[in-house]
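Before any comments, here is the structure.
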């Protein structure tokens, strides 16, 4: 059966002490809203509708930047979760399938959990609610179960003493057919004329109509909602803990896992070794047998089989590192292709360049790729040797097996097999060094 996702993202972020809408704050390099949308994509939802409110234009623009096909609808007044879902009714008027309601500030719900809810729906349950065990249950709404039947959801403030003892709590995530969901919410709205409409009220009405309601269980960490900066830090910690554990289970070695930070979309191959204090921004793919040494920072890059990165290396957007290449300490690479077996050992900047296979880039080499207005690309051929402290003023082409002398400033193309030296001729004047220093010391002593 087809599936649609409704993401509620209308809540304000005042407790975040921020000018940004709450759902635009990030965990693992991705906005909270992006996490919910990623989860929807993972279960291959046919349609996603996002209900926006506070600073809705910003939130809508973010959603469209992630997926141009999403639809956003505006909830002007905050009249409860049920009212928010009803705002999506028109968008799903002709949708014949299941709807799952998610929250834009709850980033850790897993697609496998949503699939379990859909499977439960397929077995004949009309309403499926996602719950979790909490100790203590505190202020969460309680899921009142009778065998495997969910009888009602009771808010903590309205719960009896017996109900407050229940540890099975409501996450707010609900799954039902579109027709059932909106019919029940219409009934809730009619019973609460002038008041707030709560999504949780559909369970009691559904039971009164003989519909089958149940709840499934997930880990409490999946349901963590973000309302404060402290919550944001908790969500980050929970994500990182799970992502590290999954990576190690899949064949990645981390010598100090608690110091490695991954992004939502980080892809790590088998037999990758990651040393302490490595940070992965969005868009990093690492193939098998790669070694990433300590204190390196990577984002928007691809690293091929057998390469060694770092320590203290920075790979920026568009860095493509070939198989068995070496990128050493204090090397920064941006928008550049580094071919197989090339070596950039230390203290270099490579921007907007193509480095050929087996080429060696010496210490202190910089690519002068920006003229103040535009970026320019340089190409270095196979097996070339670029001497230390060379400045390559792009755009230039240096041929295969060419040699560039140390300290050169290269402004013109260098043919294959050629030697290029572009530096002032050294002059040595006997005794001049001592005479000059003596003069300077005398001048200083007279002051």
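Since every read-out is calculated from the coordinates, none of them should be taken as a lab result. Small disclaimer: the values here were computed from a predicted structure and weren't measured. Virtual Cβ from ideal backbone geometry, glycine too; neighbours counted across all protein chains shown.
Dividing the summed helix terms, -39500 (n - 2.57) for each DSSP H run of n ≥ 4, by the number of residues in the chain produces a 222 nm estimate of -7000 deg cm²/dmol to the nearest 500.
Cα-based radius of gyration for region 130-267, normalised by 2.2 N^0.38 Å, reads 1.32. Is region 212-258 best put as rounded, prolate or oblate by its Cα gyration tensor, with a ≥ b ≥ c the root eigenvalues, rounded for a/c under 1.5, and otherwise prolate when a/b is larger than b/c, oblate when not? Cα axes put region 212-258 in the oblate bin.
Taking only Cα atoms of region 87-203, what ratio of Rg to Rh do you get with Rh as the Kirkwood inverse-distance radius?
0.96
Note on region 336-362 and region 85-121: Cα centroid distance 48 Å, given to the nearest whole angstrom.
Take every DSSP beta bridge with both residues inside region 3-223 and express the antiparallel ones as a percent of the total, to the nearest 5. Display every interim value, and only then the final one.
Details: 18 of 39 bridges.
Around 45 percent of the beta bridges assigned by DSSP in region 3-223 are antiparallel ones.
Rounded to the nearest 5, the antiparallel percentage of DSSP beta bridges internal to the chain is 20%. With N as its number of residues, region 3-223 has a Cα radius of gyration that, divided by 2.2 N^0.38 Å, comes to 0.96.
In units of the rule-of-thumb radius 2.2 N^0.38 Å, region 250-420 shows an alpha carbon radius of gyration of 1.02. Highest mean packing first, where packing is the average number of other Cβ atoms within 10 Å per residue, the peptides 89-101, 17-29 line up as 17-29, 89-101. Does region 1-111 come out rounded, prolate or oblate by the C-alpha gyration tensor, with a ≥ b ≥ c the root eigenvalues, rounded set by a/c under 1.5 and, if not, prolate when a/b is larger than b/c and oblate if not? Judged from the Cα gyration tensor, region 1-111 comes out oblate (a/c at least 1.5, b/c at or above a/b). Quick check: the angle from helix 32-42's long axis to the longest principal axis of the chain, C-alpha only, nearest 10 degrees? Value to nearest ten degrees: 80.
The angle between the Cα long axis of helix 111-122 and the main principal axis of the chain comes to about 30°, on a 0 to 90 degree scale. As a length-normalised measure over Cα pairs under 8 Å and 6 or more apart, the relative contact order of the chain settles at 9 percent. What does a probe at residue 285 reach in region 332-375, counting residues whose amide N is under 18 Å from the point 7 Å along Cα→Cβ? Hits in region 332-375 for residue 285 at 18 Å: 335-340.
Note on region 261-312 and region 37-79: Cα centroid distance 31 Å, given to the nearest whole angstrom. For the chain, dividing the convex hull volume of the Cα atoms by the residue count gives 225 Å³ per residue. Based on the alpha-carbon gyration tensor of region 178-231 and its eigenvalue square roots a ≥ b ≥ c, which shape applies: rounded if a/c is under 1.5, prolate if not and a/b is larger than b/c, or oblate? Since a/c reaches 1.5 but b/c is at least a/b, the shape of region 178-231 is classed as oblate. Axis of helix 432-446 versus longest Cα principal axis of the chain: the two differ by about 70°, to the nearest ten degrees.
Put simply, the convex hull of the Cα atoms in region 336-390 casts, on average, a shadow of 3.3 nm². Rounded to the nearest 5, the antiparallel percentage of DSSP beta bridges internal to region 332-446 is 5%.
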